[in-house]
Amino acid sequence: MIKNKSPRAKHGPRGIELLYEDDDIVVVNKPSGLLTMGTDRDKSRTAHTILNEYVRKGNSKSRNRIYIVHRLDRDTSGILIFAKSEKVKLLLQEQWKDTEKKYLTVVYGELNPKEGTISSYLTENSAYSVYSTPDSTKGKLSHTAYKVLKETKGFSLLEIHLLTGRKHQIRVHLSEKGHPVVGDSKYGKSGDGYNCLALHARSFSCTHPITGKLLFFETPIPEFFNRLVGRLGTGKEELSVTS
């Protein structure tokens, strides 16, 4: 196991933390508020454009480019993996169901039971809001496993194991259960006074599509979470790559 492996570049991309890089992939810790990629409605600076600039090293004519493997919502922070070729992108997406993705979130209230799986068929309306439907022909079956890590001051810190990856899945499932994510203005308490969404893609585990090595990345608990529920454990979370 290689622990605390440093990125190979002396100068990382501006505005985003580089966790790992090799000839095939780039792994970053996306801050809250940054889009993964642009949309027809929003052309602002994104993680994708930042990393394209990074791999081109200032040469606009460079053929180097970054390929999007998956996305995080704008207000969700945490681990994102990108590919450096179409081939690697497709290989990563082919094994996506076997990729383990865990999140941390702080929600309102205390959950019972303290561990379980929320399942429903999720669909989206014309206002781009996601919700559960009893009609299996209209929604996609979605599963969100959760475990309570800590409870304090009307908040609960949860570890989420994302078993399927639908749009806004974690936020909708927890909101419909009566425990919205702190700072979620779309599905949570409007005007709750928090301008940061308490949802973070904390760890990521997959097989390297070229080398076959097992890759495992883990980021520290965001400081915003610590302010809400206090510090958890030793605080010695680390980034590692396992072979």
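The values are calculated or read from the model by the stated rules, or taken from the named source; none is laboratory data. All values derive from a computational prediction rather than experimental measurement. Here the Cβ is made from the backbone with ideal geometry for all residues, glycine too, and neighbour counts use every protein chain on show. Each accessible area value is taken on the protein alone, full model and side chains, heavy atoms only, with ligands, DNA and RNA left out. Shrake-Rupley method; radii C 1.70, N 1.55, O 1.52, S 1.80 Å.
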(request) Would you be able to say whether some residue in the stretch 221-229 is open to solvent by less than 30 Å² (accessible area, probe 1.4 Å) and either farther than 27 Å from Tyr20 by Cβ or among the hydroxyl-bearing types (Ser, Thr, Tyr) (or both)? (result) yes
When the stretch 166-197 is checked residue by residue, the ones that are part of a helix (DSSP H, G or I) and buried (at least 20 other Cβ atoms within 10 Å of the Cβ) are Gln169, Ile170, Arg171, Val172, His173, Leu174, Ser175
Pairing a residue in the stretch 144-157 that is over 21 Å from Ser119 (Cβ atoms) with any residue that is of a type in the set (Gly, Ala, Ser) and assigned to a strand (DSSP E or B), where Cβ atoms lie under 9 Å and the two sit 6 or more apart in sequence or on different chains, gives Leu149/Ser156; Lys150/Ser156
**Asked** Has the stretch 59-68 got at least one residue that is of a type in the set (A, V, I, L, M, F, W, C), open to solvent by 20 Å² or more (accessible area, probe 1.4 Å), under 20 Å from Leu19 (Cβ atoms) and not in a strand (DSSP E or B)?
**Response** no
Listed by first then second residue, the pairs whose first member lies in the stretch 59-70 and is modelled with pLDDT under 85, whose partner is surrounded by 12 or more Cβ atoms within 10 Å (Cβ to Cβ), with beta carbons under 8 Å and at least 6 positions apart or on separate chains, are Ser62/Val55; Ser62/Arg56
If we keep only residues of the stretch 71-118 that are open to solvent by less than 30 Å² (accessible area, probe 1.4 Å) and outside any strand (DSSP E or B), then the residue nearest to Tyr194 (Cα to Cα) is Thr76
Out of (1) under 19 Å from the mean Cα position of the chain (by Cα); (2) under 14 Å from Leu92 (Cβ atoms); (3) open to solvent by 30 Å² or more (accessible area, probe 1.4 Å), the one Gly212 does not meet is (1)
Of Tyr121, Tyr131, the only residue that is closer than 16 Å to Lys186 by Cβ, free of Cβ contacts under 8 Å to residues at least 60 places away in the same chain and surrounded by fewer than 18 Cβ atoms within 10 Å (Cβ to Cβ) is Tyr131
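I'm trying to understand the selection: among the residues of the stretch 134-145, which are in a loop (DSSP other than H, G, I, E, B) and surrounded by 16 or more Cβ atoms within 10 Å (Cβ to Cβ)?
The one that is in a loop (DSSP other than H, G, I, E, B) and surrounded by 16 or more Cβ atoms within 10 Å (Cβ to Cβ): Gly139.
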Is it the case that the stretch 146-165 has a residue that's part of a loop (DSSP other than H, G, I, E, B), exposed (fewer than 15 other Cβ atoms within 10 Å of the Cβ) and at pLDDT 95 or above? no
